[in-house]
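Undergrad: Take a look at this one; I'll ask things after.
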Ligand SMILES: Nc1nc2c(ncn2[C@@H]2O[C@H](COP(=O)(O)OP(=O)(O)OP(=O)(O)O)[C@@H](O)[C@H]2O)c(=O)[nH]1
């Protein structure tokens, strides 16, 4: 409360002084009416409204940051308050007939107050639109953050599907090819079993870095689940995707990853398959990818037992 008063001290002092000046002018020029002449209904109506306007002023200053819009609203409310205050004072003080300025004090600030209030509310509306836009952006970022895997931290399966949908739509519009690569580590569960889950986690992080180093800037790597990753390759035909897939497979095989505990090298390999998107939705494309991967894994088992 004290900080609010301090922040708006000039405005509040100005209002207090203006209201006092109006009161003083009335007292100097006129005489206090006998109580019998007081119109209680007018006093309650005009005085009550003036008090309510003071409450609005307090709430406004308490809830809004200082600035242009607040100043407009304050000035508007202050004018309305002054008009009603003068109206209320008029109920207690009788002025000679020759005095005409009291009418100006009562009615003059009223339209100015309404104009200032209208301007203030208009700018408040503009300000609110800008805030809404910012909130929407923040919410979008927050929602997207929830779609990121904490360990790697790549986009997760939901993020992948959303991005795939966008990329496929873009590709269709531009008549450009899109390809996908799926990489699944072989015998990853053995790493967890023999070296512990924490070592498995560390390996997944290293593999992520390794893949990112091997990709182009516009490729998007996501973690589908566990040790399975998918890369979206915009503007890429199947042949180029195959080359990238082979490079990734080679990179994993050549990785001289050492366990944290004993520092021994782990023999690593990955199954990597590449496909070019046809005229299909993300779910169908991912399904086709999973089937291709399952076949590649099956061949691996048949070959090495
Ligand atoms: N450390 C770690 N392990 C995970 C995580 N998510 C899944 N896994 C493990 O990854 C393994 C995946 O098992 P599988 O799908 O059978 O994979 P795999 O052992 O590589 O078998 P193949 O793919 O058939 O060669 C399981 O042991 C999961 O517990 C994770 O975030 N961290």
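Undergrad: State all residues of the range 162-197 that are at positive phi and within 16 Å of the ligand (Cβ to nearest atom); if no residue qualifies, say none. Spell out the reasoning first.
TA: We begin by selecting, within the range 162-197, every residue at positive phi; these are 175, 187, 196.
Correct list: 187, 196.
Undergrad: Here is a check on your reading of the model: is residue 200 closer than 19 Å to residue 154 by Cα, within 14 Å of the ligand (Cβ to nearest atom) and either in contact (Cβ under 8 Å) with a residue 12 or more places away in the chain or out of contact with any strand residue (DSSP E or B) (no Cβ under 6 Å at 6 or more places or on another chain) (or both)? Outline the logic, then answer.
TA: Numbers: closer than 19 Å to residue 154 by Cα: yes; within 14 Å of the ligand (Cβ to nearest atom): yes; either in contact (Cβ under 8 Å) with a residue 12 or more places away in the chain or out of contact with any strand residue (DSSP E or B) (no Cβ under 6 Å at 6 or more places or on another chain) (or both): yes.
In short, yes.
Undergrad: I've got another one for you. Here are the criteria: (1) assigned by TED's automatic domain parsing to the domain that holds residue 273; (2) farther than 24 Å from residue 297 by Cα. Tell me which single one residue 226 does not satisfy.
TA: So residue 226 meets the others, but not (2).
Undergrad: Read through the list (1) without any contact (Cβ under 8 Å) to a residue 60 or more places away in the chain; (2) within 16 Å of the ligand (Cβ to nearest atom); (3) touching a strand residue (DSSP E or B) at 6+ places or on another chain (Cβ under 6 Å), then give the number of the only condition that residue 257 fails.
TA: (3)
Undergrad: Just give me the residues in the range 203-215 being within 14 Å of the ligand (Cβ to nearest atom) and buried (at least 19 other Cβ atoms within 10 Å of the Cβ), in sequence order.
TA: Hits for the range 203-215 are 203, 204, 207.
Undergrad: All but one of (1) more than 16 Å from the ligand (Cβ to nearest atom); (2) under 21 Å from residue 241 (Cα atoms); (3) within 30 Å of the chain's Cα centre (by Cα) hold for residue 125; state the number of the condition that does not hold.
TA: (2)
Undergrad: Say we look at the range 216-248 and pick out the residues that are more than 38 Å from the chain's Cα centre (by Cα) and in contact (Cβ under 8 Å) with a residue 40 or more places away in the chain; which of these is nearest to the ligand (Cβ to nearest atom)?
TA: The qualifying residue nearest to the ligand (Cβ to nearest atom) is 238.
Undergrad: Residue 121: in a helix (DSSP H, G or I) and free of Cβ contacts under 8 Å to residues at least 12 places away in the same chain, yes or no?
TA: The answer is no for residue 121.
Undergrad: What do you reckon, is residue 207 closer than 17 Å to residue 285 by Cα, in the same structural domain as residue 268 (by TED's automatic domain parsing) and in contact with a strand residue (DSSP E or B) (Cβ under 9 Å, 6 or more places away or on another chain)? Lay out the reasoning, then the answer.
TA: Details: closer than 17 Å to residue 285 by Cα: no; in the same structural domain as residue 268 (by TED's automatic domain parsing): yes; in contact with a strand residue (DSSP E or B) (Cβ under 9 Å, 6 or more places away or on another chain): yes.
In short, no.
Undergrad: Then there is this: What's the number of the only condition in (1) more than 15 Å from the ligand (Cβ to nearest atom); (2) within 27 Å of residue 197 (Cα to Cα); (3) touching a residue at least 12 places away in the same chain (Cβ under 8 Å) that residue 300 fails to meet?
TA: For residue 300, the exception is condition (1).
The values are calculated or read from the model by the stated rules, or taken from the named source; none is laboratory data. Model, not experiment: these values are computed from the prediction. FYI the Cβ positions are ideal-geometry reconstructions off the backbone, even for glycines, and counts take in every protein chain you see.
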